[in-house]
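Below is one structure; the comments refer to it alone.
The values are calculated or read from the model by the stated rules, or taken from the named source; none is laboratory data. No experiment lies behind these values; they were computed from the predicted model shown. FYI the Cβ positions are ideal-geometry reconstructions off the backbone, even for glycines, and counts take in every protein chain you see. Ligands, DNA and RNA are stripped out before the accessible areas are found, and what is left, the full protein with its side chains, is counted by its heavy atoms. Shrake-Rupley method; radii C 1.70, N 1.55, O 1.52, S 1.80 Å.
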Amino acid sequence: MTWFAAGISRPLDWPKEITAGVTLAALAIPLNIGYAQIAGLPPVVGLYAAIVPMLVFALFCSSRQLVASPDAPIAALIASLLTAMAVRPGSAQYVELAYAQALVCAGVFLLFFVFRLGFLADFLSEPVLVGFIAGLAVEILTSQVEKILGVHTTADRFFPELWEIITRIPQAEKWSVVIGLATVAVIVALRRFVPALPGPLVALVAATAVVAWAGLDKRGVSVLGDVPSGLPLPHWPSITLGQWAGLVPGAIAIAAVTLADGLLTARRYAEQRGYRIDANQELRAFGLANVAAGLTQSMTVGSSASRTAAMDATGSRSQVPSVVCALVVAVLVAFFSGVLAYLPNAALAGIVAVAVVRLIDVRKLAELWRLRRSEFWIAVVCLLGVPVLGSLTAVVIAFLLSAVDVVRRAARPSTAVLRPGEQGRYVREEDHRDGDGEAGPLTVYRFESQLFFANAATFKADVERLAERGARWIVLDAEAIPDVDTTGAQALRDTVALLGERGVTFAVSRATAGLRRLLTHYGLTELTYYDSNEAAADAFRESSAP
């Protein structure tokens with residue numbers, strides 16, 4: 001609770017924080033219901049997620065502003081993962097699996113906390129995350145368009161489903177379409193002209209009133225229906241041991257996405273507002289919040305960037321809004337759940353559609369196209385992989401693509417040949433691999449990466465090429481080499497032997513003490529070291545003197 005003392009330092013902050021909490025509840029109620037529907041769960045499961053899990057996260061996190069909640073990516077992942085287990089969405093067994101999914105996610109978060117494994121989320125690079133979340137958004141938008149149209153598709157693949165939706169547009173329920181599009185229009189208009197109002201709640205209240213007054217639920221407009229009243233009770237999921245094991249891969253995927261997105265959001269706001277967060281404490285908070293979710297009939301919770309941004313815009317600088325939101329939602333489900341029965345599903349779909357369309361970061365994709373095409377194509381593969389192959393497969397592909405891209409870049413590290421310039425300084429020759437001229441009798445070769453299995457062949461080829469171009473002394477400038485693995489050490493050993501056979505002297509300059517010890521440990525004791533390139537040049541001149 002480090003946020004509490006630091007975040008609420010003046011009594012005048014309390015009205016602002018409480019007002020922000022009411023605003024957060026106004027956003028959370030329709031969105032949590034919508035995300036529960038995306039996940040294939042009863043609406044009340046989404047509402048329960050805004051009570052005890054939100055309170056627990058608020059009590060144990062270090063961020064003053066990060067909001068813990070179900071969000072679009074998590075909802076889509078839950079639906080995809082549980083459906084893959086051949087369980088019908090909405091069935092009793094499906095709901096039990098969703099509770100268990102939260103507990104397994106909690107276990108993953110807490111393992112990350114205990115062993116400090118949060119760095120694993122860094123393997124989801126920004127292009128991967130942008131593409132993956134955009135893919136989830138495309139998948140969600142497709143399902144929400146179906147609800148707005150009031151049609152039901154039977155296809156179980158993305159493109160056939162999309163084609164079926166298009167061909168069934170003439171059969172759409174007109175009042176459902178009107179309600180859905182009007183909801184989208186109201187939210188967009190309020191966001192632009194009256195941003196202080198909670199657009200989703202205003203649009204939902206207006207749509208519900210129209211449906212109830214005009215009796216549109218009897219004219220083709222699907223409504224939410226009865227929502228059970230009462231607070232959540234402690235519950236242990238009733239599933240088999242094999243099903244528990246089957247939830248682990250999905251839990252790892254959800255945890256990875258939550259960490260990559262949630263910690264990034266928390267750090268960004270902490271830097272902007274001048275406070276610090278403890279990433280390990282955030283892991284514990286996510287873990288405990290999901291323990292609470294799994295035991296109180298809720299769905300898995302992660303972070304919500306959109307709601308965090310909304311709280312920052314209100315001026316909130318603490319977790320008090322989360323506490324207030326939890327209390328408001330608890331009162332709603334305990335005493336006023338009956339008012340939710342007439343909520344039109346088309347309006348909920350419109351609210352979710354507006355929320356998730358912002359997850360398709362077209363600007364970032366354009367930036368990747370402009371700055372680095374390889375990362376753009378990684379993002380595109382992830383974007384298409386989610387709806388076509390499924391979210392879990394897409395996560396695996398995302399990790400593999402990130403790893404391949406890292407290794408690909410490491411296999412062609414930045415290198416240069418340094419030549420003597422004015423005032424004893426050395427000048428870089430960046431295109432030494434493309435040149436075909438003779439090398440100088442003394443050639444200083446700079447290798448700017450760790451020397452390991454992925455680039456050992458590049459190192460050997462570069463040095464051999466320099467020897468073939470006439471170099472009599474080759475000095476490895478090792479200032480930028482932080483580490484050498486066993487494959488790199490063998491490449492270095494082979495290179496020294498090859499140059500020795502050709503009568504070429506090999507030496508190392510500017511190596512750190514740690515690197516020298518490591519090379520000695522590998523048995524490379526015959527290497528000659530110089531503290532600077534100038535010292536190596538002096539030794540070359542002395543050896544060349546008559």
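Is the shape of region 244-332 rounded, prolate or oblate, going by the alpha carbon gyration tensor and its root eigenvalues a ≥ b ≥ c, with a/c under 1.5 for rounded and a/b larger than b/c for prolate?
Details: a/c = 2.28, a/b = 1.27, b/c = 1.79.
Oblate, because a/c is 1.5 or more while a/b does not exceed b/c.
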HN-Hα J in Hz across region 99-116 - Karplus 6.51, -1.76, 1.60, θ = phi - 60°, x for Gly and Pro: 4, 5, 4, 4, 5, 5, 4, 4, x, 5, 4, 5, 5, 4, 5, 5, 9, 6
Which whole-Hz couplings ³J(HN,Hα) result when phi for each residue of region 143-150 is put into the Karplus expression 6.51 cos²θ - 1.76 cosθ + 1.60, θ = phi - 60°, listed in order with x for Gly and Pro? 5, 6, 4, 4, 5, 5, 6, x
Can you tell me the order of 81-89, 251-259, 491-499 when each peptide is scored by its average per-residue count of other Cβ atoms within 10 angstrom, highest first? 251-259, 491-499, 81-89
Which of LEU241, ALA411, ALA137 sits closest to the plus end of the dipole of the chain, meaning its Cα is farthest towards the positive end, when Lys and Arg get +1 and Asp and Glu get -1 on the C-beta? ALA137
Starting from the 7 Å offset along Cα-to-Cβ, what nm value, one decimal, do you get for the label separation of ASP538 and ALA185? 8.3
If the only charges are +1 at each Lys and Arg Cβ and -1 at each Asp and Glu Cβ, what is the size of the charge dipole of region 98-207 around the Cα centre, to the nearest 20 debye? 340
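Starting from the residue with the highest accessible area, list TRP473, TRP244 in decreasing order, probe 1.4 Å.
On the way: TRP473 30, TRP244 55 Å².
My answer, sorted largest first, is TRP244, TRP473.
Could you work out how much longer the chain between ASP13 and VAL331 gets when fully extended? Use 0.36 nm per residue separation minus the Cα distance between them, nm to one decimal. It would help to have the intermediate numbers written out before the result.
On the way: separation 318, 0.36 × 318 = 114.48 nm, distance 2.39 nm.
112.1 nm is the gain from fully extending ASP13 to VAL331.
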Which of PHE286, VAL323, TYR269, positive extreme of dipole for region 173-324 (C-beta unit charges): TYR269
What do you get for the angle between helix 158-167 and the principal long axis of the chain? Use alpha-carbon atoms, 0 to 90 degrees, nearest ten. 40
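Take the Cβ-Cβ distance between ASP278 and LEU111 as r, set R0 to 22 Å, and report the resulting FRET efficiency rounded to the nearest 0.05. Show your work: numbers first, answer last.
Details: r = 17 Å, r/R0 = 0.79.
Result of the calculation: an efficiency of 0.80.
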For SER509, other-chain or 5+-apart residues with amide H closer than 5 Å (H placed, Pro excluded) are LEU476, ASP477, ALA478, TYR530
J(HN,Hα) series, region 363-368, from Karplus relation 6.51 cos²θ - 1.76 cosθ + 1.60, nearest Hz, glycine and proline x: 4, 5, 4, 5, 5, 5
Sulfur and carbon atoms: percent of accessible area, the chain [1.4 Å]: 62
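Just the accessible area per residue of region 186-276, please: how many Å² with a 1.4 Å probe? If you can, show how the numbers build up before the last one.
Numbers: 5140 Å² over 91 residues.
Accessible area per residue, region 186-276: 57 Å².
Could you give the accessible area per residue of region 292-390, probe 1.4 Å, as a whole number in Å²?
Values: 3810 Å² over 99 residues.
Accessible area per residue, region 292-390: 39 Å².
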Reachable lysines, given that their alpha-carbon falls under 25 Å from the alpha-carbon of LYS174 and they are not under 8 places away in the same chain: LYS147, LYS218
Degrees separating the helix 199-214 axis from the principal Cα axis of the chain, which is the longest one: 30
Check: the chain dipole with +1 on Lys, Arg Cβ and -1 on Asp, Glu Cβ, in debye: 1280
Applying 1/(1 + (r/R0)^6) with R0 = 45 Å to the Cβ-Cβ distance of ALA245 and VAL388, what FRET efficiency is obtained, to the nearest 0.05? 0.95
Kindly provide the helix-only [θ] at 222 nm of the chain, computed as the sum of -39,500 (n - 2.57) over DSSP H runs of four or more divided by all residues, to the nearest 500 deg cm²/dmol? -20000 deg cm²/dmol
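Hey, got a sec? Which GluC sites (Glu not before Pro) in region 469-546 land in a DSSP loop and have at most 13 other Cβ atoms within 10 Å?
Numbers: sites: GLU479, GLU501, GLU526, GLU534, GLU542; in loops: GLU479, GLU526.
Taking region 469-546 and a limit of 13 other Cβ atoms within 10 Å, the loop GluC sites (Glu not before Pro) found are GLU526.
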Whole-Å distance, taken between Cα centres, linking region 276-309 and region 72-87: 19
Specify the inter-centroid distance of region 502-546 and region 127-172, based on alpha-carbon positions, in whole Å. 63
Rounded to the nearest 10 degrees, the helix 533-544 long axis (Cα) sits at an angle to the longest Cα principal axis of the chain of 20
Which residues qualify? For GLY302, with a placed amide H closer than 5 Å and at least 5 residues away or on another chain, they are SER69, ASP71
Residues whose built amide H sits under 5 Å from the amide H of VAL223, excluding neighbours closer than 5 in sequence, are ASN345
Which is farthest toward the positive dipole end of the chain among THR512, VAL95, ILE18, measuring Cα position about the Cα centre, with Cβ charges +1 (Lys, Arg) and -1 (Asp, Glu)? ILE18
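Can you compute the charge dipole magnitude of region 242-327 about its Cα centre, using +1 on each Lys and Arg Cβ and -1 on each Asp and Glu Cβ, nothing else charged? Give it in debye, rounded to the nearest 20. Could you put the intermediate results ahead of the total?
On the way: 7 positive and 5 negative charges, 33 e Å.
Here region 242-327 has a charge dipole of around 160 debye.
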With Rg and Dmax of the Cα atoms in Å defined as stated, name the option among (i) 29.7, 106; (ii) 26.2, 87; (iii) 22.8, 75 computed from the structure displayed. (i)
